[in-house]
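The values are calculated or read from the model by the stated rules, or taken from the named source; none is laboratory data. Model, not experiment: these values are computed from the prediction. Cβ coordinates were reconstructed from backbone atoms using ideal geometry, including for glycine residues, and neighbour counts include every protein chain displayed.
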Amino acid sequence: MSAGATDTAAWQRWSAHIETLRDVIAERAGRAASPEVSRHARLLLLDTLGCALAGRMAPEVTALEQQLAALEPGSFRFPGGAALGLRSACQIMAVGATWYEACEGHAFAHGRPGVPAIAALLPLALQRGASTGEVIDALAVGYEVGARAGAWLRVAPGLHVDGNWPGLGVAAGVARLLGLAPELAMNALGIVACQLPSSLYLPIRTGCNVRNVYLAHSATLGLDAALAALAGIDAPPDALAYYAQHLCPAEVQALPRAQADLILDAYLKPFAAVRHVHYGALAARRIRARLNGDTAAISRIVLTIYEEATVYCGNPQPATPLAAQFSLTFGLASMLRFGELDAASYEPPRFCDAELRRLEALVQVRIDPDLTAQRQRGATLLLTAGGREYEEKVGPAADPELLVDARGAVEKFLHNADPFVQEAASRAFCESLLDASPATPLRELWQLLASAANPKES
């Protein structure tokens, strides 16, 4: 047990988990990410930024950005946006990226370790004049810690992960960008562990969009913890063990070895909805194509899916956009009706479309016992139209149409950035970010966006 530890039982039970996190940080200290990791991390950065730009279109996010700019002006600007301070930029990046639920995720972590890490790292890296390689290496470290923390520190029923363990990954990533030694980085994780909050799942049930600020809290907590560690503030060495032992239903299984690159399993979403919704939505898109887009004759819809999806996304007939993002029935019906599930799906006129709502009311959701028992993800959609039955199966989780490649990521970014940045500039930014050498200053890439704000928004 380390000197100064206070909970012997907790330390002994969870020491292997903590040592794995320590090894993750030490293993990558002073070492650049592999080419494969770098490529995927750049896609995550591109996708998260694009989702943040799209989220800034929401009136609430626009208003929050204006308020923060007035209270804390600084040197960071989104394309066409107001000047923000570091923490304000961090907050808007995290809030905007999650607004339409189109951001990245990681199944093993049961969350999205990348969003809060990128929210903290991007404005900090720009402020510090960091290179592209430095920010990507920091993101890789933060993601590895965050993904393992999510698998280990599971949240209790009724809670939501976003305001909890993601701060640990942020602290590790920021510590790497600041050049902290592994022991100081672990102290930053301890500082986060001492103040991990509980964020309720309740807003999703009620459709309140306060859920979208949870990752902003995690991002700023991790940022503050790394800065505190750099300043010499310390935390009990067994803080993480104490938290795991007493304050969450932690998983006892061993974490993946430190050398494993979990970031390579991070997925980019083709649709703006919780990942559980994607399987039924993809099946619906396939059947829609077979119907040539004509939904008028549909009289029966049955979605059979794994149980976890019904637990987190059993929100029929949602009254608010947030509830709709967590609704199996809405996502399916929206895809049948319009052939798309993106940010526009949650805004008038699509959100209130009468035919969409008629289709949604037809959907029966059933649990697939085989997928549930095998802990696999997938769905079967059975639909009756004009007296004829149509069936589509999707899954398990590796279905190629649910995996966004580099080309898809660029197209998604162009779509998200369109209101803010001219297309040629957006494309040049994407190409430069994905291909730039590690030594390229991040500011050079950012300038491609900042100098080409769309006239209709600037």
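Just a few scattered comments:
- When each of 62, 98, 48 is tested for being within 19 Å of residue 450 (Cβ to Cβ), in contact (Cβ under 8 Å) with a residue 12 or more places away in the chain and hydroxyl-bearing (Ser, Thr, Tyr), the lone residue that passes is 48.
- Filter result for residue 281 (assigned to a helix (DSSP H, G or I), within 25 Å of residue 200 (Cα to Cα) and touching a Gly at 6+ places or on another chain (Cβ under 8 Å)): no
- Filter pass, residue 58 being surrounded by 16 or more Cβ atoms within 10 Å (Cβ to Cβ) and small (Gly, Ala, Ser): yes
- When residues of region 306-333 are limited to those that are closer than 22 Å to residue 349 by Cβ and aromatic (Phe, Trp, Tyr), the one surrounded by the most Cβ atoms within 10 Å (Cβ to Cβ): 330
For (1) at positive phi; (2) buried (at least 24 other Cβ atoms within 10 Å of the Cβ); (3) touching a Pro at 6+ places or on another chain (Cβ under 8 Å), each residue gets a yes or a no:
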| site | (1), (2), (3) |
| --- | --- |
| 138 | no, yes, no |
| 141 | no, yes, no |
| 147 | no, yes, yes |
| 152 | no, yes, no |
| 174 | no, yes, no |
| 180 | no, no, no |
| 189 | no, yes, no |
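- Residues that are among the small types (Gly, Ala, Ser) and either buried (at least 20 other Cβ atoms within 10 Å of the Cβ) or out of contact with any Cys (no Cβ under 9 Å at 6 or more places or on another chain) (or both) number at least 2 in the following helices (runs of 4 or more DSSP H) confined to region 191-265: 214-231, 239-246.
Yes or no, residue by residue, for (1) over 23 Å from residue 269 (Cβ atoms); (2) modelled with pLDDT of 95 or more:
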| position | (1), (2) |
| --- | --- |
| 295 | yes, yes |
| 332 | no, yes |
| 336 | no, yes |
| 349 | yes, no |
| 355 | yes, yes |
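- Test result for residue 116, within 12 Å of the chain's Cα centre (by Cα), under 20 Å from residue 50 (Cα atoms), touching a residue at least 40 places away in the same chain (Cβ under 8 Å) and crowded, with 22+ Cβ neighbours inside 10 Å: yes
- Complete set of residues in region 347-368 that are outside any helix (DSSP H, G or I) and under 20 Å from residue 288 (Cβ atoms): 349, 353, 363, 364, 365
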